[in-house]
Amino acid sequence: MHILECQKLTKHFGALEALSDVDMKVRKGEVRAVIGPNGAGKSTLFNAINGVFPATRGKCFFNGKDITGMMMQDIVKFGISRTFQLTNLFPELSVIENISIASQAKLKGAWLPLGGSSVLAEAKHKAELALEKLKLTDLAYLPSNTLSHGDQRLLEIAMAISQDPLLLMLDEPTQGLSVEETQSTVDILKDLLSSGDLTVILVEHDMEVVFNLAERISVLHQGRIIADGDPEEVKASKVVQDAYLGGFEDA
Amino acid sequence: MLGAYIGYTVAIYTGSFFLALIIAPILVACFGIVFEKLLLSPLYKRQDGGAYLMVTFGLAVILAEAIKLTWGADPKGVQIPEMLRGIVIVFDFPFPKYRVFLIIIGVLMALSAWLFLEKTRIGLLIRAVSQNPQMVNALGTNVVFIRNLVFAIGCGLAGMGGVLAAPMVTAFLGMGSSVIIDAFVIVIIGGMGSFLGSIIGSLLVAFVLVFGAYYVPDLALAIIYLLMLIILIVRPGGLLGKEE
């Protein structure tokens, strides 16, 4: 059963076709990497799936439900959570408050000021669990802008995880990290994925990270999927080498 | 101002000041929601602060005229309720009971606003929206709803202020603008976006106003602006605000 299915997803920005007829099927529990050179449309694909902007054409189904054109805030409630390429936090709030904002979103009701405090307690509890998974517990009460870049990126993952998503979309989780930070992020992600329930779509430039985590790889090039398969197939693919990997090694 | 007039009307009809204190803020908040939905929300996309200023200022003018047509141009006195008349002795000084009541209400409101912002889910969301609204939205919360709510609460509190002020200064046309300048100075002094800053700012402005008027009456009108000037020179972001 496919948890996510995109059919001919297309996005135009004026005359530019950033995504062209992208078909993608992701199985439940799969770890999928989306790779491609800069400007290939990776972030656009993420944004079109999770409702940052509507796709120009095409459809997206999540768990069999049509989520095309839905708003971000509603898509979260279906079970898709994501992180962003650029760090995107609430700088003056504490780490645990940052996560609580994420974890409260799916909790129901209690919009009343007084009822809200019990919801907040539940949100905090979920936040603590996520902190534990990401090994950030010691930092819980620091303002998020005092964290190192690496910890801030982990915090973003913690925020997404705290929503108990079915599908987690990570947009370059190791971008800007040192070698050691990248390694520890990969270790933490592997830990998270060990249960096998969570489906992940990952945009990543670091090929080592990709081959370390991904079970399947989709290669985007100029808005089109040019290859799709397991890591060995993709590595061996002539099209991919021409379009991407070859150029990458030269650089 | 609207709060004061509605409060006056409710107090006249029901004979209860306290009922006015509850009903007027709710009505003003409802009015605020309608105003926000109809006139302000179309402006959110424009990212243009000037547009808000013009629309709200325009509304203030219309509101003042509407009040004049409805209630007439002469000031409307509101009776201080029976139990708050008279004086109490505070540290050997006679003190009007109603002023003590106002001080208590002020402290209570400040305290509950703080608790609301710090300890509730909506409070957390309000603080988050003020820092990064797009992210709040991306995390699955309806930001428009939060904005509406904050606006309604603000209007409600303003309405309450109007009712509370009415017995002391009567409800009169222009009472709004007399408050708004002081409020502006307080926020600037305390620092934009700082809750504690605006409390400190309001106390500072109040003391400077009262003692300034007593000791240097010639400067009475200018004195809070001098205070603002000095603070902005020393701390351009206000007392607890951040420099932009």
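Taking all Cα pairs closer than 8 Å and separated by 6 or more residues, the relative contact order of region B:85-244 comes to 14 percent. Using R0 = 51 Å, the C-beta based FRET efficiency linking B:Val107 and A:His205 works out to 0.40.
Measuring between alpha carbons in the structure, the pairs from A:Lys135/A:Lys238; A:Lys65/A:Lys235; A:Lys106/A:Lys190 lying more than 31 angstrom apart are A:Lys135/A:Lys238; A:Lys65/A:Lys235.
In this calculation the C-beta distance from A:Ser194 to A:Glu17 is compared with R0 = 45 Å, giving a FRET efficiency of 0.70. Per residue of chain A, the DSSP helices (runs of n ≥ 4 H) give a summed -39500 (n - 2.57) that works out to -10500 deg cm²/dmol at 222 nm.
The relative contact order of region B:2-171 comes to 45 percent, based on Cα pairs under 8 Å that sit 6 or more residues apart. Of the residues B:Ala73, B:Phe57, B:Pro96, the one whose Cα sits farthest toward the positive end of the charge dipole of region B:2-171, with +1 on the Cβ of Lys and Arg and -1 on the Cβ of Asp and Glu, is B:Phe57. Its Cα centre serving as origin, the protein assembly as shown has a Cβ charge dipole (Lys and Arg +1, Asp and Glu -1) of approximately 1780 debye.
The aspartates and glutamates whose alpha-carbon is closer than 17 Å to the alpha-carbon of A:Lys59, local same-chain residues fewer than 8 away aside, are A:Glu5, A:Glu17, A:Asp21, A:Asp23, A:Asp74.
Take every Cα-Cα pair in region B:174-244 and report what % of them are more than 15 Å apart. Cα-Cα pairs of region B:174-244 separated by over 15 Å account for 52 percent.
With no solvent and one equal point scatterer placed on each C-alpha of region B:111-244, evaluate the Debye formula and give log10 I(q)/I(0) for q = 0.10, 0.17, 0.21, 0.22 Å⁻¹, two decimals. These q points yield log10 I(q)/I(0) values of -0.43, -1.08, -1.31, -1.34. A simple count of charges around A:Phe90, restricted to other residues whose Cβ falls under 13 Å of its Cβ and scoring Lys, Arg +1 and Asp, Glu -1, yields -2. Going from the residue with the fewest nearby Cβ atoms within 10 Å to the one with the most, A:Ser144, B:Ser112 rank B:Ser112, A:Ser144. Note on B:Thr170 and B:Tyr215: their simple-model spin labels are 3.3 nm apart, each label 7 Å out from Cα toward Cβ. A Förster radius of 60 Å combined with the Cβ-Cβ distance from B:Phe18 to A:Glu233 puts the calculated FRET efficiency at roughly 0.20.
Between A:Lys28 and A:Ser148, the contour length at 0.36 nm per residue exceeds the alpha carbon distance by 39.9 nm.
A helix-only calculation puts chain B at -23500 deg cm²/dmol for mean residue ellipticity at 222 nm, using -39500 (n - 2.57) for each DSSP H run of at least four residues, averaged over all residues.
Computed over every Cα-Cα pair of chain A and binned at 5 Å starting from 0, the pair-distance distribution P(r) comes out as 1, 6, 13, 17, 19, 17, 13, 8, 4, 1, 1, 0, 0 percent. Provide, for q = 0.11, 0.15 Å⁻¹, the log10 of I(q)/I(0) from a solvent-free Debye sum over equal Cα point scatterers in region B:2-171. Evaluating at q = 0.11, 0.15 Å⁻¹ gives log10 I(q)/I(0) of -0.59, -0.97. Can you compute the modelled spin-label distance between B:Ala73 and B:Lys119, with each label point 7 Å from Cα toward Cβ, in nm? A separation of 5.0 nm, rounded to one decimal place.
What is the diffusion coefficient of the protein assembly as shown in µm²/s, taking the Kirkwood radius over Cα pairs and the Stokes-Einstein relation at 10 °C with a viscosity of 1.306 mPa s?
Here the translational diffusion coefficient equals 60 µm²/s.
Each label point was placed 7 Å from the Cα along the Cα-to-Cβ direction; for B:Leu38 and B:Val234 their separation is 4.7 nm.
Bear in mind that the values in this text are calculations on the coordinates, not laboratory data. On a predicted model such as this, the values are computed, not experimentally measured, just so you know. Ideal geometry is used to build each Cβ from the backbone, glycine not excepted, and the neighbour counts take in all protein chains shown.
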